[in-house]
There are 2 protein chains.
Amino acid sequence: MTENRAAPPWQPVKKARAHELVIEAIEDRILSGALQVGDALPPEREMATSLEVSRAGVREAVRVLEAQGVLRSQPGAGAAAGTFVAALPRDALTRFLRLHVALSNFSIQDVTDARIVLERASASAAARRLDDASRATMIDALDRMDLPHATRDSFNEADTQFHLAIAEASGSALSAALTAAIRSAMKVPILRAAERTEEWPEESQRLRREHRAIFDAIDAGDAERAAELAEGHIRRAASVLFGLPVPAPQRR
Amino acid sequence: MTENRAAPPWQPVKKARAHELVIEAIEDRILSGALQVGDALPPEREMATSLEVSRAGVREAVRVLEAQGVLRSQPGAGAAAGTFVAALPRDALTRFLRLHVALSNFSIQDVTDARIVLERASASAAARRLDDASRATMIDALDRMDLPHATRDSFNEADTQFHLAIAEASGSALSAALTAAIRSAMKVPILRAAERTEEWPEESQRLRREHRAIFDAIDAGDAERAAELAEGHIRRAASVLFGLPVPAPQRR
């Protein structure tokens, strides 16, 4: 009788594709510190030869890392031309989150939860260290929301600017980038929801009042109040615009 | 005398590259809801014809969106083969942050600030809703850090698992994904710092004690204490491992 050993079934071997090998090679050099911001990559032809892959594979890898803000290609033939290691995480993060929010890979509730956590922290940090430039940007955004001829679209632009200015003023680059990317990813869903709202005049007035109150707390250096107001504002607006429940605020 | 008008200088027109046009076309359909998770893209040849770009351009666009976890390619020729809209943001976010942290596009201080904000929120949310599965994962991680033969590497694995389990237990998918991505992006820098630390036996004992205390607060449902302990732990460890200042904790 043959032994009935539980041999694992043969699984297909995952073939790494050429561009993935190139990405890995570039990532390894970045993670080890051998490639730093501003450094140039070798020309495409040279990389293809060294890594023994097609030039198409190298180009695909470069496109992927460009889209992540890790590489930047400067077209042309002069000394300034070529592909360089870059420091452009902001736009890449915003595009990434915008797509995954649109695909509901993150729900509006999830995004609202994350916004509350990040914007509470941004508002309280901003209250502790508001500088003149951020203050001016916030006031400009508030004034633009007050314009009598503001449309839902121009209001939404200024509203986004206000929240981004608070994030910038927090002084923490990664928190600010995340806050800004999440708020930017929500720009179109918020505009669509505003367009569906029948009571926009009342809602926009509430939003303006809430924004002014958040600004006043930040400007007065009241970190705790700025955080509470930011949370209350996001929760209330999410409930009106997206019909989300507004749980009683919890101490954090 | 000719009028000296301040005409703006001619700027080079930015040519959108073929793959960027394809990305835009796919993104537009995702943002409008016409493409949803699970939907198949038309075959590469067909897309190239419809969009009037080369097949290489289509392939580059697909690679970019694959790397963002927005598309997934299933090789082969059967009915299951093709390129599909996907829901894979986690790994993409982790890789993205890991690269930008390695490039110092976000400093260790920035990352520590963001970790504190997110992990305070995760710890307090986990304390309010701990389930058996997350509890078991946390206990397993704690036990693995206690193993007498734990190396810095295996300790770091279990340490990462502990923080990820708290993030998962918070029940907010985006916050959890961000927390997990940031903690994962810090895995190698933390390991390298641990390798440089001469007083590792003492430090690992402090880390184990802090982790147990955080777990006890979560398990006891004490949200506020869990948040305070998580913040204190991250601040103290960052000061030992990276020499960061440990400012007096501030009310949030």
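The values are calculated or read from the model by the stated rules, or taken from the named source; none is laboratory data. Keep in mind that this is a model prediction, so the values were computed, not measured. Heads up, the Cβs are rebuilt from the backbone with ideal geometry, glycines too, and the neighbour counts pull from every protein chain shown.
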Quiz item: How many of the residues in the range B:31-66 are surrounded by 21 or more Cβ atoms within 10 Å (Cβ to Cβ) and out of contact with any strand residue (DSSP E or B) (no Cβ under 7 Å at 6 or more places or on another chain)?
Solution: 8
Quiz item: Can you tell me which residues in the range B:115-133 are more than 15 Å from the chain's Cα centre (by Cα) and either more than 9 Å from chain A (Cβ to nearest Cβ) or within 14 Å of A:S175 (Cα to Cα) (or both)?
Solution: B:R120, B:A121, B:A123, B:A126, B:A127, B:R129, B:L130, B:D131, B:D132, B:A133
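Any residue at all in the range A:165-182 that is free of Cβ contacts under 8 Å to residues at least 12 places away in the same chain and over 23 Å from A:I218 (Cα atoms)?
Within the range A:165-182, not a single residue is free of Cβ contacts under 8 Å to residues at least 12 places away in the same chain and over 23 Å from A:I218 (Cα atoms).
Within the range B:185-197, count every residue that is under 30 Å from A:Q109 (Cα atoms) and either surrounded by fewer than 20 Cβ atoms within 10 Å (Cβ to Cβ) or at pLDDT 90 or above (or both).
1
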Quiz item: Pick from the range A:65-114 the residues that are without any contact (Cβ under 8 Å) to a residue 12 or more places away in the chain and of a type in the set (S, T, N, Q): which of them is farthest from the other protein chains (Cβ to nearest Cβ)?
Solution: A:Q74
Quiz item: Mind checking whether some residue in the range A:202-221 is on the phi > 0 side of the Ramachandran plot and either assigned by TED's automatic domain parsing to the domain that holds A:A123 or outside any helix (DSSP H, G or I) (or both)?
Solution: yes
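Quick grid of which residues meet (1) assigned by TED's automatic domain parsing to the domain that holds B:V188; (2) among the charged types (D, E, K, R):
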{"position": "B:R45", "(1), (2)": "no, yes"}
{"position": "B:A48", "(1), (2)": "no, no"}
{"position": "B:A56", "(1), (2)": "no, no"}
{"position": "B:R59", "(1), (2)": "no, yes"}
{"position": "B:V111", "(1), (2)": "yes, no"}
{"position": "B:V117", "(1), (2)": "yes, no"}
{"position": "B:R120", "(1), (2)": "yes, yes"}
Quiz item: Under the condition of being part of a helix (DSSP H, G or I) and more than 13 Å from every other protein chain (Cβ to nearest Cβ), which residue from the range B:169-198 is farthest from the chain's Cα centre (by Cα)?
Solution: B:R196
Quiz item: If the Cβ limit is 6 Å and pairs must be 6+ apart or interchain, which residue in the range A:209-227 that is within 14 Å of chain B (Cβ to nearest Cβ) pairs with which residue that is surrounded by fewer than 17 Cβ atoms within 10 Å (Cβ to Cβ) and not in a loop (DSSP other than H, G, I, E, B)?
Solution: A:A223/A:R128
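May I ask you to verify whether B:A127 is crowded, with 18+ Cβ neighbours inside 10 Å, under 27 Å from A:R90 (Cβ atoms) and not hydroxyl-bearing (S, T, Y)?
Spelling it out, it is not the case that B:A127 is crowded, with 18+ Cβ neighbours inside 10 Å, under 27 Å from A:R90 (Cβ atoms) and not hydroxyl-bearing (S, T, Y).
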Self-check item: Failed item, numbered, when B:G78 is tested on (1) assigned to a helix (DSSP H, G or I); (2) over 18 Å from B:K187 (Cβ atoms)
Solution: (1)
Self-check item: Checking B:I139 against (1) buried (at least 23 other Cβ atoms within 10 Å of the Cβ); (2) in contact (Cβ under 8 Å) with a residue 24 or more places away in the chain; (3) of a type outside the set (D, E), the condition it does not meet
Solution: (1)
Quiz item: Given the range A:81-166, what helices (runs of 4 or more DSSP H) lie entirely inside it while holding 1 or more residues that are of a type in the set (V, I, T) and at pLDDT below 95?
Solution: A:89-102, A:108-128
Quiz item: Just wondering, is there one or more residues in the range A:236-250 that are within 14 Å of chain B (Cβ to nearest Cβ), assigned to a helix (DSSP H, G or I) and of a type outside the set (K, R)?
Solution: yes
